[in-house]
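Below: one structure in structure tokens.
The values are calculated or read from the model by the stated rules, or taken from the named source; none is laboratory data. Since we're looking at a predicted model, the values are computed, not measured. For neighbour counting, all protein chains shown are included, and Cβ atoms are generated from backbone atoms with ideal geometry for every residue, glycine included. Accessible surface areas use protein heavy atoms only, side chains included; no ligands, DNA or RNA. Shrake-Rupley method; radii C 1.70, N 1.55, O 1.52, S 1.80 Å.
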Amino acid sequence: MTALTLSTAAIPGLKADAIVIGVAKGTASGAGGLVVAPGAEAVDKAYDGRLTGVLETLGASGAEGEVTKLPAPAGFKTPLLVAVGLGTQPEKDAAPDPEALRKAAGVAARALTGSKKAAFALPLTDAADAGAVAEGVLLGAYSFDAYKNKDLPKNKGDKGEGGKDKKKDAKAPLAEAVLLCEKPRDKAYKTAVERATTVSEELNRARDLINTPPNDLDPEAFAAVAQAAAKEHGIKVQVLDEKALAKGGHGGILGVGAGSASGPRLVKLSYTSAKAKKHLAFVGKGITYDSGGISLKPAGHNETMKCDMSGAAAVFAAVVAAARLGLEVNVTGWLALAENMPSGSATRPGDVLRMYSGKTVEVLNTDAEGRLVLADALWAASEEKPDAIVDVATLTGAMMLALGNRTFGIMANDDAFRAAVHEAAEEVGEPAWPMPLPEHLRKGMDSSTADIANMGERMGGGLVAGLFLREFVGEGITWAHLDIAGPAFNEGSPFGYTPKGGTGSAVRTLVRLAEQTAAGDLG
């Protein structure tokens, strides 16, 4: 991963491959056109105060995500200048918000793929800004190339000079980023960058898991990854295999995994702090591949279903991050892992499963499987009587229709907690929106055969799924459900600090909730 350092080095004498500065759209009275953000004063001076004119000539507007490259001024030891858009500046001399800095740093880091060293002269007004830029760099520089063989020639017999095979062009991520600021030795700045590094490393680990092909990441393999990380970071881990799940009566997880040659797992990760006064439980949906089961998905809907374990990946990353940060809160993560496949042993539409809670569920659609594995894990989490439970899942296409591909929905059995989760998500830059749990939709899941069916009304399907999950939360326990079906996997082009493929959605929200709980600011 990209190495980060803080420095007060003067820009003209700095040796690097590129210098990154920020530019914005000025809209305040008397500040129309392009505005050069603080941090780039030395660069503007070297252009005799005409930097904005040069950039505008090259087409720069300051729009979010825009990158303009130009030669550095004469006398600079760094050859390249990279101006990255910060978006609209609403007021003259207004500082960009942390998310704008995070996005700009991510765009610049990606644009500098293949570079060894870059200096980021973005406006850092406080330690929070330094942390945001650090996160943007580390998340924007992410790449997943574990399955690309860089040692193969482009074409058979394609020879370079001296008869050697030409290797595939493979640019490595930005190797080193220097964050220029006035207080590189300030404890708050160092702490912010260290925190950003920890959270980004774990979020990128979640991305790696999401991007790993399902033939290499089945439930057993995912559990092994969790066990290794737990051992490394002093986290207690318990893994229930098929026999243990059957003995314990986890009918939901077993029912979903019944059609696969790869057996299901329920992984419990427990981070404890001697100074903790609160206990949070995070529950993640971990369908390592979702074919839909007997209710097979139509053509065109299977190709990215390796991402259906994104919720479990987020929970796993958040627990490890909490442990590495030494947060004064107890955090338990539950990873409900299964592969949903059609076979002669698979659960059929019309089957009835007896869940870990003792309730029976009539399975009307085997492609509504995520709620079944979550139901068992939610009840297991409830048995420990935590102060709050948050589950994370790529649960419904209906949520994508409602909120699009970049926003996750939040449902809860407590309005204040739902608002707190929403605020935490917005604070860390993860777009989210509070959603209701309309009581009238519950009746649609009534079953003449079992206690409840796993399907209800088609309209409002994302809310119906939330209502189903609520049935398996212990009485009196505060609970929230995050449906990350939209933002969990980016099938389009990279944007901001978000890559193509697995995104690690919800990791930062969970970590922030743990931090707030440790500080006594949540509940």
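Can you work out ³J(HN,Hα) from phi for every residue in region 362-379, in order, using Karplus 6.51 cos²θ - 1.76 cosθ + 1.60 and θ = phi - 60°, giving whole Hz and x for Gly and Pro?
7, 8, 8, 8, 6, 7, 9, 8, x, 5, 6, 6, 5, 4, 5, 5, 4, 5
Another question, then. Please report the net charge: other residues with Cβ closer than 15 Å to the Cβ of Ser273, K and R +1, D and E -1.
Taking every Cβ under 15 Å from that of Ser273, the sum is +2.
Using alpha-carbon positions, what is the distance between the centroids of region 337-401 and region 410-484, in Å?
A separation of 14 Å, based on Cα centres.
Here is a follow-up. Determine ³J(HN,Hα), in whole Hz, for all residues of region 122-131 in sequence, where each value follows from phi through the Karplus function 6.51 cos²θ - 1.76 cosθ + 1.60 and θ = phi - 60°; x replaces Gly and Pro.
Residue by residue, region 122-131 yields 8, x, 10, 8, 7, 5, 4, 5, 4, x Hz.
Give, as a single signed number, the net charge of other residues whose beta carbon lies under 9 Å from the beta carbon of Ser115, with Lys and Arg counted +1 and Asp and Glu -1.
Charge balance near Ser115 sits at +1.
Could I ask something else about it? ³J(HN,Hα) across region 251-266 via Karplus (A = 6.51, B = -1.76, C = 1.60, θ = phi - 60°), whole Hz, x for Gly/Pro?
Listing the rounded values in order: x, x, 5, 5, x, 5, x, 5, x, 9, 6, 9, x, x, 9, 10 Hz.
Non-local amide H neighbours of Met455 (under 5 Å, H modeled in plane, Pro and chain starts lacking H): which ones?
Amide H neighbours of Met455, under 5 Å, 5+ apart: Leu364.
Something else now. Suppose we look only past 16 Å in the calculated P(r) of region 439-491. What percent of the Cα-Cα pairs does that tail hold?
When every Cα pair of region 439-491 is considered, 50 percent fall beyond 16 Å.
Here's something else I'd like to know. In terms of modelled amide H atoms, which long-range or inter-chain residues lie less than 5 Å from the amide H of Leu86?
When sequence neighbours closer than 5 places are left aside, the close amide H contacts are Val23, Ala24, Lys25.
Using r as the Cβ-Cβ distance of Ala188 and Ser448, and R0 as 45 Å, what FRET efficiency do you calculate, to the nearest 0.05?
Step by step, r from the Cβ atoms, then E = 0.15.
Only four residue types carry charge here, +1 at the Cβ of Lys and Arg and -1 at the Cβ of Asp and Glu. Report the dipole size of region 454-517 about the Cα centre in Debye, rounded to the nearest 20.
With only Lys, Arg, Asp and Glu charged at Cβ, the dipole is about 220 debye.
Quick one: which residues, 5 or more positions from Val20 or on another chain, have an amide H under 5 Å from its amide H? H modelled 1.01 Å from N in the peptide plane, none for Pro or chain starts.
HN-HN under 5 Å from Val20: Val82, Ala119, Phe120, Ala121.
State the extension gain, in nm to one decimal, for the chain segment bounded by Lys69 and Val352, taking 0.36 nm per residue of separation less the distance between their alpha-carbons.
This chain segment gains 95.7 nm when fully extended.
Could you pull out which residues in region 506-523 have an amide N less than 11 Å from a spot 7 Å beyond the Cα of Arg470, following the Cα-Cβ vector?
So the set is empty, nothing qualifies.
Taking the alpha-carbon centroid of each part, what is the distance from region 70-116 to region 196-266 in angstrom?
39
Taking region 306-414 on its own, what percent of its Cα-Cα pair distances exceed 23 Å?
It works out to 38 percent of all Cα pairs.
Compute the distance in nm between two label points, each set 7 Å from the Cα along the Cα-to-Cβ direction, one at Lys148 and one at Glu56.
Distance between the two pseudo-spin positions: 3.9 nm.
For Ala518, what is the net charge nearby, where nearby means another residue's Cβ is under 14 Å from its Cβ and Lys, Arg count +1, Asp, Glu -1?
Summing Lys and Arg as +1 and Asp and Glu as -1 gives +2.
Of the accessible area of region 348-416, with the probe set at 1.4 angstrom, what percent is carbon plus sulfur?
Percent of accessible area from carbon and sulfur atoms in region 348-416: 46.
Counting DSSP beta bridges in the chain, what percent are antiparallel, to the nearest 5?
Looking only at bridges with both residues in the chain, the antiparallel portion is about 40 percent.
Calculate how many DSSP beta bridges within region 321-472 are antiparallel, expressed in % of all such bridges and rounded to the nearest 5.
So the antiparallel bridges amount to about 40 percent of the total.
Something else: Taking the 0 to 90 degree range and rounding to the nearest ten, how far is the long axis of helix 461-470 tilted relative to the main principal axis of the chain, both from C-alpha atoms?
Between the helix axis and the principal axis of the chain, the angle is about 60 degrees.
Can I ask one more? Count the lysine pairs in region 250-366 whose Cα atoms lie under 21 Å apart, taking only pairs 8 or more positions apart in sequence or on different chains.
So the count of such lysine pairs works out to 7.
Now a separate question. Using heavy-atom solvent-accessible surface (probe 1.4 Å) with all chains present, what is the largest-first order of Asp351, Asp208, Asp129, Asp451?
Descending accessible area places them as Asp451, Asp208, Asp351, Asp129.
Provide Rg over Rh for region 421-523; use the alpha carbon set for both Rg and the Kirkwood Rh (inverse mean inverse pair distance).
With Rh from the inverse mean 1/r over Cα pairs, Rg/Rh is 1.04.
With r defined as the distance between the Cβ atoms of Asn405 and Asp126 and R0 fixed at 30 Å, what FRET efficiency is calculated, to the nearest 0.05?
The formula returns an efficiency of 0.40 here.
Find how much the distance from Ala94 to Ala519 grows on full extension, using 0.36 nm per residue of separation minus their present alpha carbon separation; answer in nm with one decimal.
150.0 nm is the gain from fully extending Ala94 to Ala519.
I've got another one for you. Could you work out [θ]222 nm for the chain from helices alone, using -39500 (n - 2.57) per DSSP H run of at least four and dividing by all its residues? Round to the nearest 500 deg cm²/dmol.
-10000 deg cm²/dmol
When the Kirkwood radius is taken over all Cα pairs of the chain, what Stokes-Einstein diffusion coefficient follows at 4 °C and 1.567 mPa s, in µm²/s?
53
What is the gain in length, in nm to one decimal, between Thr360 and Glu383 on full extension, counting 0.36 nm per residue of separation less the C-alpha to C-alpha distance?
The span from Thr360 to Glu383 would gain 6.4 nm if fully extended.
Quick check: pseudo-label points 7 Å beyond the Cα along Cα→Cβ at Lys231 and Lys116, how many nm apart are they?
The two pseudo-label positions are separated by 3.7 nm.
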